[in-house]
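Chemist: Would you mind keeping the following structure in view while I ask a few things?
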Amino acid sequence: MALERTFSIIKPDATRRNLTGKVNAMLEEAGLRIIAQKRIRMTRENAETFYAVHKERPFFGELVDFMISGPVVVQVLEGENAIAKNRDVMGATNPKDAAEGTIRKTFAESIEANSVHGSDSQANAAIEIAYFFAGSELVG
Ligand code: CMP
């Protein structure tokens with residue numbers, strides 16, 4: 001297994017409920033190291049660019065509105081097999097389908113307000129990390 005990096009977002013539903021520390025504890029317990037982190041407010045342009053792959057989907061407008069509705073915490077996570085490990089600890093996109101003990105099962109309010117985002121591939125992780133962080137901000 002290779003040491004990988006993945007991109008993560010703690011979404012507005014979770015920051016609103018002051019869950020950043022609890023989410024981070026679950027990430028760390030899963031074996032992921034938070035090597036960069038900042039709390040930001042996404043602009044509409046940030047959210048539209050970040051989720052451009054979904055722009056033809058019926059939920060795109062609401063997704064963008066939701067992502068700019070409050071602060072988010074953007075993060076880079078490092079670990080062995082970090083992309084799959086993070087997806088495992090996040091759980092399924094829809095909290096109704098998420099396994100017990102996952103972040104989304106524990107905290108998510110709905111398929112939209114699902115508390116966290118994580119990259120789905122190495123290629124997307126690299127793109128997503130570079131969109132929000134300079135190389136000098138990643139301290140592994
Ligand atoms: P995320 O992993 O951030 O990637 C795209 C997001 O779109 C997803 O999590 C969900 O929060 C959101 N979304 C809203 N509605 C849907 C839907 N019907 N199907 C998939 N994703 C949805």
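Rule-based calculations on the coordinates, nothing more; no lab input. Because the structure is predicted, anything quoted here is derived from the model rather than measured. Here the Cβ is made from the backbone with ideal geometry for all residues, glycine too, and neighbour counts use every protein chain on show.
Chemist: Kindly indicate the residue of segment 89-111 that is of a type in the set (A, V, I, L, M, F, W, C) and part of a loop (DSSP other than H, G, I, E, B) and also surrounded by the most Cβ atoms within 10 Å (Cβ to Cβ) among those meeting that condition.
Modeler: It comes out as Ala108.
Chemist: How about segment 49-71: which of its residues are part of a helix (DSSP H, G or I) and over 18 Å from Ala113 (Cβ atoms)?
Modeler: Across segment 49-71, the qualifying residues are Thr49, Ala52, Val53.
Chemist: Here's another thing I want to ask about it. Taking the conditions exactly as written (crowded, with 16+ Cβ neighbours inside 10 Å, among the acidic types (Asp, Glu) and within 14 Å of the ligand (Cβ to nearest atom)), does Glu78 satisfy them or not?
Modeler: no
Chemist: Would you mind finding the one in Lys105, Lys96 that is within 12 Å of the ligand (Cβ to nearest atom) and either under 29 Å from Leu3 (Cα atoms) or out of contact with any Phe, Trp or Tyr (no Cβ under 8 Å at 6 or more places or on another chain) (or both)?
Modeler: Result: Lys96 is the single residue among Lys105, Lys96 that is within 12 Å of the ligand (Cβ to nearest atom) and either under 29 Å from Leu3 (Cα atoms) or out of contact with any Phe, Trp or Tyr (no Cβ under 8 Å at 6 or more places or on another chain) (or both).
Chemist: Quick one: which of Ala134, Ala130, Ala99 is without any contact (Cβ under 8 Å) to a residue 12 or more places away in the chain and under 15 Å from the mean Cα position of the chain (by Cα)?
Modeler: Ala130
Chemist: Listed residues Asn114, Asn86, Asn46; which is away from the ligand (no atom under 12 Å from the Cβ) and either surrounded by 13 or more Cβ atoms within 10 Å (Cβ to Cβ) or part of a loop (DSSP other than H, G, I, E, B) (or both)?
Modeler: Every option except Asn46 fails the conditions.
Chemist: Which of the numbered conditions does Ser121 fail, given that it passes all the others? Conditions: (1) surrounded by fewer than 21 Cβ atoms within 10 Å (Cβ to Cβ); (2) within 14 Å of the ligand (Cβ to nearest atom); (3) over 15 Å from Ile83 (Cβ atoms); (4) hydroxyl-bearing (Ser, Thr, Tyr).
Modeler: For Ser121, the failing item is (3).
Chemist: Report every pair of residues separated by at least 6 positions or lying on different chains whose Cβ atoms are under 9 Å apart, first residue within segment 4-16 and more than 15 Å from Arg41 (Cβ to Cβ), second assigned to a loop (DSSP other than H, G, I, E, B) and of a type in the set (A, V, I, L, M, F, W, C).
Modeler: Matching pairs, first to second residue: Arg5/Leu138; Thr6/Leu32; Phe7/Phe133; Ser8/Leu32.
Chemist: Being loosely packed, with under 14 Cβ neighbours inside 10 Å and either touching a helix residue (DSSP H, G or I) at 6+ places or on another chain (Cβ under 9 Å) or outside any loop (DSSP other than H, G, I, E, B) (or both) is the filter here; which residues of segment 128-140 pass it?
Modeler: Ala130, Tyr131, Gly135, Ser136, Glu137, Leu138
Chemist: Among the numbered criteria (1) closer than 21 Å to Ile127 by Cα; (2) within 16 Å of the ligand (Cβ to nearest atom), which one does Ala36 miss?
Modeler: Looking at each condition in turn, Ala36 falls short on (2).
Chemist: Here's another thing I want to ask about it. With the requirement that a residue be out of contact with any Asp or Glu (no Cβ under 9 Å at 6 or more places or on another chain), hydrophobic (A, V, I, L, M, F, W, C) and under 22 Å from Phe59 (Cα atoms), what does segment 112-140 give you?
Modeler: Val116
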